[in-house]
Structure formats: structure tokens, C-alpha cells
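Participant: Below you'll find the structure I mean.
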Amino acid sequence: MRAVIRRNKQLVCDEIEELTPGAGQVLVKTLACGICGSDLHALHHMEHMIETSRRASGGGDGGAMGGGFDPTADTVFGHEFCAEILEHGPGTTGLLKPGTRVVSVPATITGTGVELLGYSNNLPGGFAERMILSEMMLLEVKNGLPTDQAALTEPFAVGAHAVAKARLDKDSVSLVIGCGPVGLAVIAGLKAKGHGPVIAADYSPRRRAAAEMLGADVVIDPAAESPHARWEAFGVPTARAAQSMARMMGKTFGQPVVFECVGSPGILQHLIEASPAGSQIVVAGVCMETDKIEPAIAITKEIELTFVFGYSPEEFAHTLHQIAEGVIDVSRVVTGKVGLSEVAQAFVTLGDPEAHVKILVEPGR
């Protein structure tokens, strides 16, 4: 079968071996799979990603991307997918019949452990015509939800998890820095929970338009205005002295929460300095470089840093439900679709934030 393979830090469309489902597994046809920002980074920097993952796990052979993964070997990316069941392996219930469209947390249970799809040497991810999934992890796509929208469950679950980790109250004001896919998912997660106002900031006009489309109450171009200029207008004093005075006068104000969704060096320090005293900064952007902050400023302002990663299976399932029910409207998020032979060029195209919001790979295209 055909697949797009990361080989020698290049993307090559080639043939790979056919798949046979094992115990508890199903063979599926990939209908659509999103290109994620982590895919773009992993194309050239997979080795560094694996090393940081292993260090995060305590220096062992495991890590978030699984033990024994060789970043120099052939890998088929793709972890944001919607697929169709083709065949059940032994020991499955067959509850969901062939032809059923499904999504799944991108992890497959095997006889030797768990393979993280998109970051595995043994099983292909969604940039292949077919995949092996675990039956117990399948979620049926219902309500006639279009395939391209169902494929967005995974990235929007990331936003739902970031929002779940935020200490939001009923009067909270949220600021989302960066309106790429992660920032957009955070905005959608905030609005799905009824939070607002939500301020969104990005230099890209296209991304600002997408943020507004997903429900941001205020959209700001940082080149023209500081995103932090709006806190006072929404009733949040920025200085500790002003906050203390407000409390002594019996006034209340919402918890300021800043979502960092850029992941570039220097952003954290800037936010520590610019955010209101007592802010919680939820770090969802993945900075892969060594960064520097001045703790004394964060301490003086009592800034809280919360780092978030991934999502729980429950958050994944709930995100699918919210998309299917229209609570989260992702109908205009996908701005491009490509076949397997066009994936390499799509990676180049996505380097321009004005070109696309989200591109899906359709292996059958």
C-alpha cells in the first residue's frame, strides 16, 4: 500500500507492507488525516524531539513517544485522523461493523506494548492508505458528521485539555497568544465552556480571522496594539497595588489567564513581564529550544506557570461529541486537502501562516 514516509529527513511517497490486524485490533482505511505543527517540526528535528521526550521520562528508553523508537528509521506520520473499518482481527467483538467511520486516540495496543501512531517504526500513521487501530479505543463518528470535521477531534482535544488545566472562574478574562492550530483549539475550548471575554492575538491576518470565526471576542494584531492593553477595560487591574486597593474597596475581578500557544524563545519572559499580577500562564506552545526567564519578576507578581501536554481519553471523546453536536463549529477550519503525492509540498506551504489554517491528507484522493 502507499504511504508518505519520513526517510533521511525527507518525505517520500512509496509502497510499504500491507497490514494484518492482530488480537484486539482492526484494519482501517484512512479517510482523512490532518497535518500537525508537530509533524512539521518532526520532519527535520525528530531526533531532538525524541531526546527531550526521553529526558522528560527520567532518562530511560521510554518517553511520551514510546520506548525503542528509532528516529532515524522510516516513519509514517499522521495522528489526527478519521478512518473506516475494513476488517476485524482475532479476539475482537465486531460491535462496530465494517464501513463504520471512526476516530481514535492515536495509540495502538500490540503484543509488546503501545505504538504511538505517527511516531512509530512498526505501524504507520494516517499518512498511509491503511492503519491498524485498537478496537477498544475506537469512537464511532455519529450525527452524519463530515469526515473532514471528525478528523479535527485530536487537535481540538489538545485545546480542551489546556482549558481544563486553567483556573478559570465565572468572571475570568482569557488572552490567547498565537492563533495557529493550538491557539484556535484553545479558543474553541474556552467558548465551548461558556468562558469570556476571550482576547486573541496573532500577527497573521488569516489566523486572526480564524480566531474570530471560532468565537474570540476581541482579536488583536500585536503589531498595532499590545494584547495586554485590554485587561483594564475588562475590569482586571494589572498591578498588585491596584488589585489590593480594589479588594479593600470590596470589588471583585476575574482571574486573568494567558494561554501561550506560540512556543518560541522569549515568549514566556515577555508574558511574565506584561501579564497582570496573579495571572496564570498556561503554556501550550511547545518551545523546543532552551529558553530563559527571570524568576524574580514572576515571584514578585505571583505569576503561575502551568505546562500542558496532550489530553485524556475522556477529553478526546468529549471533544468528538462537542464537534458532532455543533458546540464546537469546525466547519471552516480546513482550508486545503491533498493526496499522498502532494504531502511534501503541503509541508512547505504550511510554513506560510497566510497560506492555510489546516490541511488534510486524503490518502484515497
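The values are calculated or read from the model by the stated rules, or taken from the named source; none is laboratory data. Here the structure is a predicted model, which means the values were calculated and not measured. With ideal geometry, Cβ positions are generated from the backbone for all residues, glycine too; neighbour counts draw on all protein chains shown. Calculation scope for accessible area: heavy atoms of the full protein, side chains included, ligands and nucleic acids excluded. Shrake-Rupley method; radii C 1.70, N 1.55, O 1.52, S 1.80 Å.
Participant: Condition first: under 22 Å from LEU168 (Cβ atoms), β-branched (Val, Ile, Thr) and open to solvent by less than 70 Å² (accessible area, probe 1.4 Å). Can you find one or more residues in region 241-253 that meet it?
Facilitator: no
Participant: Pairs only if they're at least six apart or on different chains, beta carbon under 6 angstrom, first in region 232-246 and farther than 22 Å from VAL218 by Cβ, second of a type in the set (A, V, I, L, M, F, W, C); list them, first residue then second.
Facilitator: Going by the 6 Å Cβ cut-off, the qualifying pairs are ARG240/ALA277.
Participant: Follow-up. With respect to ILE328, determine if the residue is touching a residue at least 60 places away in the same chain (Cβ under 8 Å), surrounded by 15 or more Cβ atoms within 10 Å (Cβ to Cβ) and aliphatic (A, V, I, L, M).
Facilitator: Here the answer is yes, as ILE328 does meet what is asked.
Participant: Only residues that are surrounded by fewer than 18 Cβ atoms within 10 Å (Cβ to Cβ), touching a strand residue (DSSP E or B) at 6+ places or on another chain (Cβ under 8 Å) and farther than 19 Å from LEU138 by Cβ: list them for region 286-325, please.
Facilitator: GLU304, LEU305, THR306, PHE307
Participant: Do you know which of the residues in region 277-291 that are within 16 Å of ALA201 (Cα to Cα) and either assigned to a loop (DSSP other than H, G, I, E, B) or more than 21 Å from the chain's Cα centre (by Cα) (or both) is modelled with the highest pLDDT?
Facilitator: Here the answer is ALA284.
Participant: Next up: Is it the case, given these coordinates, that ASP171 is touching a Lys or Arg at 6+ places or on another chain (Cβ under 9 Å), open to solvent by 30 Å² or more (accessible area, probe 1.4 Å) and either of a type in the set (Asp, Glu) or outside any loop (DSSP other than H, G, I, E, B) (or both)?
Facilitator: Judged against the criteria, ASP171 is not a match.
Participant: Pairs please, first residue from region 20-32 and closer than 14 Å to THR100 by Cβ, second anywhere and β-branched (Val, Ile, Thr) and open to solvent by 20 Å² or more (accessible area, probe 1.4 Å), Cβ atoms under 9 Å, 6+ apart in sequence or on different chains.
Facilitator: Once the first residue is closer than 14 Å to THR100 by Cβ and sits in region 20-32, its partners that are β-branched (Val, Ile, Thr) and open to solvent by 20 Å² or more (accessible area, probe 1.4 Å) give VAL26/THR92; LEU27/THR20; LEU31/THR147.
Participant: Which count do you get for residues in region 335-359 that are touching a His at 6+ places or on another chain (Cβ under 9 Å) and either open to solvent by 50 Å² or more (accessible area, probe 1.4 Å) or in a loop (DSSP other than H, G, I, E, B) (or both)?
Facilitator: Within region 335-359, residues that are touching a His at 6+ places or on another chain (Cβ under 9 Å) and either open to solvent by 50 Å² or more (accessible area, probe 1.4 Å) or in a loop (DSSP other than H, G, I, E, B) (or both) number 2.
Participant: Among the numbered criteria (1) more than 24 Å from LEU340 (Cβ to Cβ); (2) buried (at least 19 other Cβ atoms within 10 Å of the Cβ); (3) at pLDDT below 95, which one does MET65 miss?
Facilitator: (1)
Results for (1) in contact with a Pro (Cβ under 7 Å, 6 or more places away or on another chain); (2) closer than 30 Å to VAL176 by Cβ; (3) open to solvent by less than 50 Å² (accessible area, probe 1.4 Å), shown as yes or no for each residue.
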| position | (1), (2), (3) |
| --- | --- |
| LEU96 | no, no, yes |
| ALA107 | no, yes, yes |
| TYR119 | no, yes, yes |
| PRO124 | no, no, yes |
| GLU129 | yes, no, yes |
| GLY144 | no, no, no |
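Participant: Still on this structure, I have one more. If I ask for residues that are in a helix (DSSP H, G or I) and either among the aliphatic types (A, V, I, L, M) or buried (at least 16 other Cβ atoms within 10 Å of the Cβ) (or both), which ones from region 267-276 would you list?
Facilitator: Listed by number, the residues that qualify are ILE267, LEU268, LEU271, ILE272, ALA274.
Participant: Among (1) within 26 Å of PRO353 (Cα to Cα); (2) buried (at least 21 other Cβ atoms within 10 Å of the Cβ), there is one condition GLU47 misses while meeting the rest; what is its number?
Facilitator: (2)
Participant: Only one of these conditions is not met by THR20: (1) farther than 25 Å from CYS287 by Cβ; (2) of a type in the set (S, T, N, Q); (3) buried (at least 16 other Cβ atoms within 10 Å of the Cβ). Which number is it?
Facilitator: (3)
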